[in-house]
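Peer 1: What follows is a structure written as structure tokens; I'll ask about it next.
The values are calculated or read from the model by the stated rules, or taken from the named source; none is laboratory data. What you see is a predicted model; the values in this text were computed from it and never measured. Backbone-built Cβ (ideal geometry, glycine too); neighbour counts: all protein chains shown.
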Amino acid sequence: MREQRRLAAIVAADVVGYSRLMGRDESGTVARLRRARVEWLEPVLARHGGRVVKLTGDGALIEFASAVEALAAAIEFQQAMAESEAGRLEAERLVFRVGLHLGDVIVDGEDLYGDGVNVASRLEAEASPGGIVVSGDLHNATAGRLEATFEDLGRLTLKNIERAVQAHSVHWRALDWPVARPAAAVHPVSFDSQPSGVQLALPDKPSIAVLPFQNMSGDLEQEYFVDGLVEDITTALSRFKSVFVIARNSSFTYKGKAIEIRQVGRELGVRYVLEGSVRKAANRVRITGQLIECETGAHIWADRYDGDLSEVFELQDKVTMDVVCAITPKLEQAEIARASRKPTENLGAYDCYLRGMSAYYSSHGLREARRYCHRAMELDPGFAIAHAMAAYCDAMLIGSGSRFDADAVAETARLVKRAVELDRDDASVLIKAAWAQAHVVRDLDIATGYAERALLLNPNLALSWAINGWLRVWLGQPEVSLAHFDRAMRLSPLELDIRVGLFGAAHASFMAERYDEAWSRAQTGVNSWQTPAAYRIAAASAALAGHREEATRYMRLLLTLDPARRVSNFAEVLGPYRRSEDIERYKHGMRLAGLPE
């Protein structure tokens, strides 16, 4: 049987002076080590998506799917250990060394082997007590993404590793909250976040960001409901053409953080923010909201909305109407009517849809989101956005490398058609249908019609601009495409979905034959999204920009994840490019990067 391999971020951690500590107090050292695992390591892994591969007496080997999350978790754990042991004599402290590497691993059941594991383990020995050392590959994937700095250690000769390995030590600023509160200590920095002190120009109409609401239910299981409700309010506000609304992805970068309203206004380029809380208990819902002017911190209004769970849509409408009435002097009746439509009368279907969206935005993934959407459709066959979201998940799965047979493509086409039949006036329905129609069904003309109508209905929807940008890439209109991506990034300045934003801009620059620009965009994006699609554009751009070593490196990573890829079958993983010369240009770049024929 062919061995399984995958790319992974590997963390190796080991206790400094373990034998000495055991010699002094064997039982006490074991108990402290167990406490460190339960109170610090396990919660950190839960927050950052890590999996313990194996535990040794004095250490651990851990796998992450994301290099950024791996380093964030390592920093948070080291800081927590330093704070928890601060009151002890130095010779008695429980201190770890940590090494990280991003590389190829061999999968054997729950265990991992290979060079990726070995390099991480050897780098751990190079770390100072309480410190972290990372490989050059992991450094490249995380630089600029975390509030940390790197010290170049040069190319190290490691025990039983044939080649010299580039290494960096990691330094970070300790955050001043107490050990008893192990909150997420390190936050990834978005690729396009604004530098401190830089203020985006305000739009020429009232502008607002809806921040994540607090979950006051006392039940973390209700987090999906609160987040979904806030996203619905954001979407309802965005339908008003007289208001500029920041996209959900950017607003949610502030979730769980202590924020200063004036700073939020500067970073997002908005005049107002809406914040609040939600309490859901049994069949009752309470929503509180307050509208704040960013520059002055003045409260424009604050209110509380109570009702039965069956009235949740009416409560959302009341919040939306009060916000818009407070910041715009005049409303169009058509906009009010459109914003007030219920997506479904079936609360069970709505709950499934919210769970699906929670899965989509979290580590549960596309298949889980798709399953919830199909359940929502079963409960309410007329639920348009559930149909569209299921089809959208299909398109994203294909973009991530999943293969669809003819029957699966036909089913996605059916979902798209039904979604649009159910609601041609919902921009969110139309733009998700457009993406699936283009990416799965491969019909650019119909997809473009859906996407352009979505922009007319809701010019505030960042995803609409981004997907319209992709359609223009495939139609051979790179300059129009770049303008669309710029607009999408202004609507979501902190965290536009990289898969449809930054990589789309890289493809547009590539098709415009601005290869250095394409390489720069692709290199930034690939640090956060290590997939075959990311490596493809990175390799081709680097090759045509003259960065042959980088092109070769990304081609090697691509073939590790997609070993069957060849020039002869390359077109099957591309989007529906209208112009043959664009496909040939891409193939030429892949040949230069080393893709076999």
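Peer 1: Of the numbered conditions (1) surrounded by fewer than 16 Cβ atoms within 10 Å (Cβ to Cβ); (2) touching a strand residue (DSSP E or B) at 6+ places or on another chain (Cβ under 8 Å); (3) modelled with pLDDT of 80 or more, residue 19 fails exactly one; give the number of that condition.
Peer 2: (2)
Peer 1: If you don't mind, another one. I'm checking my understanding of the structure. Among residues of the stretch 205-255 that are more than 18 Å from residue 360 (Cβ to Cβ) and of a type in the set (Phe, Trp, Tyr), which one is modelled with the lowest pLDDT?
Peer 2: Filtering the stretch 205-255 for residues that are more than 18 Å from residue 360 (Cβ to Cβ) and of a type in the set (Phe, Trp, Tyr), the one modelled with the lowest pLDDT comes out as 240.
Peer 1: Also: Out of 12, 60, 91, 86, I need the residue that is of a type in the set (A, V, I, L, M, F, W, C) and either outside the structural domain of residue 132 (by TED's automatic domain parsing) or part of a helix (DSSP H, G or I) (or both). Which one?
Peer 2: Checking each option against the conditions leaves just 91.
Peer 1: Kindly establish whether residue 359 is in contact with a Ser or Thr (Cβ under 9 Å, 6 or more places away or on another chain) and assigned by TED's automatic domain parsing to the domain that holds residue 441.
Peer 2: Criteria not met by residue 359.
Peer 1: Name the single residue that is modelled with the highest pLDDT among those in the stretch 477-530 being in contact with a helix residue (DSSP H, G or I) (Cβ under 6 Å, 6 or more places away or on another chain), surrounded by fewer than 19 Cβ atoms within 10 Å (Cβ to Cβ) and under 13 Å from residue 466 (Cα atoms).
Peer 2: 480
Peer 1: Now for a separate question. Any chance you could count how many residues in the stretch 156-188 are within 21 Å of residue 67 (Cα to Cα), of a type in the set (A, V, I, L, M, F, W, C) and at pLDDT below 85?
Peer 2: Here the count works out to 6.
Peer 1: Report the residue count in the stretch 545-590 for those that are crowded, with 16+ Cβ neighbours inside 10 Å, among the basic types (Lys, Arg) and in a helix (DSSP H, G or I).
Peer 2: Summing the residues that are crowded, with 16+ Cβ neighbours inside 10 Å, among the basic types (Lys, Arg) and in a helix (DSSP H, G or I) in the stretch 545-590 gives 3.
Peer 1: Separate question: Being among the hydrophobic types (A, V, I, L, M, F, W, C) and buried (at least 16 other Cβ atoms within 10 Å of the Cβ) is the filter here; which residues of the stretch 83-107 pass it?
Peer 2: 94, 95, 96, 98, 100, 102, 105
Peer 1: Only residues that are exposed (fewer than 12 other Cβ atoms within 10 Å of the Cβ) and in contact (Cβ under 8 Å) with a residue 40 or more places away in the chain: list them for the stretch 145-160, please.
Peer 2: If the condition is that a residue be exposed (fewer than 12 other Cβ atoms within 10 Å of the Cβ) and in contact (Cβ under 8 Å) with a residue 40 or more places away in the chain, then 160 is the only one that fits.
Peer 1: When the residues of the stretch 531-544 are filtered to those that are of a type outside the set (Gly, Ala, Ser) and assigned to a helix (DSSP H, G or I), which remaining residue is surrounded by the fewest Cβ atoms within 10 Å (Cβ to Cβ)?
Peer 2: 532
Peer 1: A further question on this structure: From 465, 470, 474, 435, which residue is over 23 Å from residue 239 (Cβ atoms), assigned to a helix (DSSP H, G or I) and outside the structural domain of residue 581 (by TED's automatic domain parsing)?
Peer 2: When all the criteria are applied, what remains is 474.
Peer 1: Would you confirm whether or not the stretch 422-432 contains a residue that is at pLDDT 90 or above, closer than 28 Å to residue 530 by Cβ and of a type in the set (A, V, I, L, M, F, W, C)?
Peer 2: yes
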